[in-house]
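Single-structure report; data block below.
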Amino acid sequence: MTKVLMKGNEAVGAAAIAAGCHYFFGYPITPQSEVPEYMSRELPKVGGAYVQAESEVAAINMVYGAAGSGARVMTSSSSPGIALKQEGISYCAGAELPCVIVDMMRGGPGLGTIQPAQGDYFLATRGGGNGDYRLIVLAPADVQELVDLVMEGFDLADLYRTPVMILGDGMIGQMMEPVEFRYQPRTDLPDKDWATRGKGKGKQRNVINSLYLQAEELEKHNHKLQAKYAKIRENEKKVEEYNVEGADLVITAYGTTSRIAKTAITKLEKEGYKVGMIRPISLYPFPNEAFEKIGENCKGVLTVEMSTGQMIDDVKISLQGRIPTYFHGRSGGMVPEPEEIVEKVKEILGGDR
Amino acid sequence: MDKDKRIRIIIGHYGSGKTEFSVNYAVKLSQMGKKVALADLDVVNLYFRSREKAEILEDMGIKVIGGAIKGSGMDLPAISGEVLTPLQDKSYQAILDVGGNPQGARTLGRYHSYFKDGEYDMFFVLNANRPETQTVDQVEEYIVKIQDVARAKVTGIINNTHLLKSTSAEDVMRGYNLAKEVSTRTGLPIKYNVCLETLVDELPEELGDNVFPIKLYMREEWML
């Protein structure tokens, strides 16, 4: 298939439809409004349904309903809208409902700004909603990877019966890039025999619920969920590594920021610096082994984020104090320049090469 | 370029590359010694708008007109009243960088009285690599819809078929062939074939002097 030029947000819609998602419930918010716009135009053409809900809270509960009936379903928003969806996301996790939730992050806190940011890392990976649950969180760095992860996200959601969050930022959503669509569905997806789609007369009905009236039962359910998350940690870590072995310093960043960091590394290499990179693609499960492999001669790990420092907590947990950690962040919708990262690395390693 | 009408309206499908073309066009006109004003009428896009490059363009002597209310995070369809300056003051060469699709072209309605036949050009920017503008029928539909909303007539086609920094000569030629078919169907001339400066030597002679080499002002160095 030849490549076409698409905006990240449009590509989210096209990827979802290609992966068999025929239902979308959402509410517009900059910088992701092209997702609902695209879905409202394209879903009727494939016999699907698009509903602009009266609010984000309504949208996520419509997702709950559609997912409960066994359909592939998606919603999307940007930071403040995702914050509103947290109650429903926790319900989906509790009721074990597969769905894909796209967050094109913008500057915060509060209404913040429409410019790109990465301040929802905690919200996405720690659970912005109540209770002991985790989402699978995938962070694309370009529009092609966004397409691939949306498609894979639907498979992972079905495989584990769990909500999957695609954590992009306004830049990924608004940027145009060449993409192609190559969806190969997994062949090991289980039948959705739990869905409420009608089982025929005389058979025990299925129930979708996250309410438990017996504490013992809820604890048992929690253990079941935790066993599932353990399996996800075992099987679904994704990471890109670059020249980590023998590096004097390792930069770690995800999404848009990782691309800026890569440009910085190319500049530093020209000046003789040995800088490696770890780019987590799955933020939950976090690819901690990649950090455990960093050699003792490495002088530091620099985390770069469009936030005031969130992923760095997972970096510190992974390193367990073995190697000094440093941080460079921009926030409020500001995007770092490669030069800033170059300067920070020189400051850590010293100027002489 | 100096044969184009004093008022140039740049329209097209969402994401066709209107802004990159408009910015390059403004720079070239300015380098020819003209007094240039670039009006950013985009109320559809909130990222990658020509007003983001106001500083470097103003350093080149180009007047940049953006939103009525300043702020990079401004999510309001508020266009500056100053747009009237280059429309009324005939010493200006005016470029109107319009938002994508018929929705984006709606802003033009307010300036209808300045768009007199023979006194303006309205260029349709075509990117054959966008999914919605790959056939003659699709392109013609967009031209008709945007004309209706803009209440002005398209006077030429800009072939701006690209894949950003990975654009090849084949991309430009595929777009050229589509633009030729659109031209035959509609009678509109192909005004320019846009390409990266580095591609100029790879293009066949048949494109003649319509080749319009550009720099990518809107893409940061880390972008594709």
>> Which residue is surrounded by the fewest Cβ atoms within 10 Å (Cβ to Cβ), if the candidates are limited to region B:1-37 and must be under 9 Å from the mean Cα position of the chain (by Cα) and aliphatic (A, V, I, L, M)?
In response: B:I10
>> Among the numbered criteria (1) modelled with pLDDT of 90 or more; (2) in contact with a helix residue (DSSP H, G or I) (Cβ under 7 Å, 6 or more places away or on another chain); (3) within 14 Å of chain A (Cβ to nearest Cβ), which one does B:Y47 miss?
In response: (1)
> Cβ-Cβ below 6 Å, separation at least six or inter-chain, first residue in region A:224-236 and closer than 15 Å to A:A157 by Cα, second among the charged types (D, E, K, R): which pairs?
Replying inline: A:Y229/A:R134
>> So B:G100 passes all but one of these: (1) out of contact with any Gly (no Cβ under 9 Å at 6 or more places or on another chain); (2) crowded, with 21+ Cβ neighbours inside 10 Å; (3) within 14 Å of another protein chain (Cβ to nearest Cβ). Which condition number does it fail?
In response: (1)
>> Just the residues that are among the aliphatic types (A, V, I, L, M) and over 17 Å from A:V100 (Cα atoms), please, taken from region A:23-57.
In response: A:I29, A:V46
> Residues of region A:311-331 being more than 20 Å from A:R259 (Cβ to Cβ) and assigned to a loop (DSSP other than H, G, I, E, B), which ones?
Replying inline: A:Q320, A:G321, A:R322, A:I323, A:P324
>> What's the number of the only condition in (1) closer than 25 Å to A:V143 by Cα; (2) in contact with a strand residue (DSSP E or B) (Cβ under 9 Å, 6 or more places away or on another chain); (3) crowded, with 16+ Cβ neighbours inside 10 Å that A:N243 fails to meet?
In response: (3)
> Regarding B:K165, is this residue basic (K, R) and more than 19 Å from A:M6 (Cα to Cα)?
Replying inline: no
> What number of residues within region B:178-215 are crowded, with 20+ Cβ neighbours inside 10 Å and in a helix (DSSP H, G or I)?
Replying inline: 3
>> Looking at the structure I just gave you, is A:L225 closer than 24 Å to A:S90 by Cα, assigned to a helix (DSSP H, G or I), in contact with a helix residue (DSSP H, G or I) (Cβ under 9 Å, 6 or more places away or on another chain) and not charged (D, E, K, R)?
In response: yes
> Any residue at all in region B:146-153 that is in contact (Cβ under 8 Å) with a residue 60 or more places away in the chain, assigned to a loop (DSSP other than H, G, I, E, B) and within 18 Å of B:F21 (Cα to Cα)?
Replying inline: no
> Within region B:102-131, which residues are part of a loop (DSSP other than H, G, I, E, B) and under 26 Å from B:H162 (Cα atoms)?
Replying inline: B:N127, B:A128, B:N129, B:R130, B:P131
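The values are calculated or read from the model by the stated rules, or taken from the named source; none is laboratory data. This one's a predicted model, so the numbers in the text were calculated from it and none came from an experiment. Note that we place each Cβ from the backbone using ideal geometry, even for glycine, and neighbour counts take in every protein chain shown.
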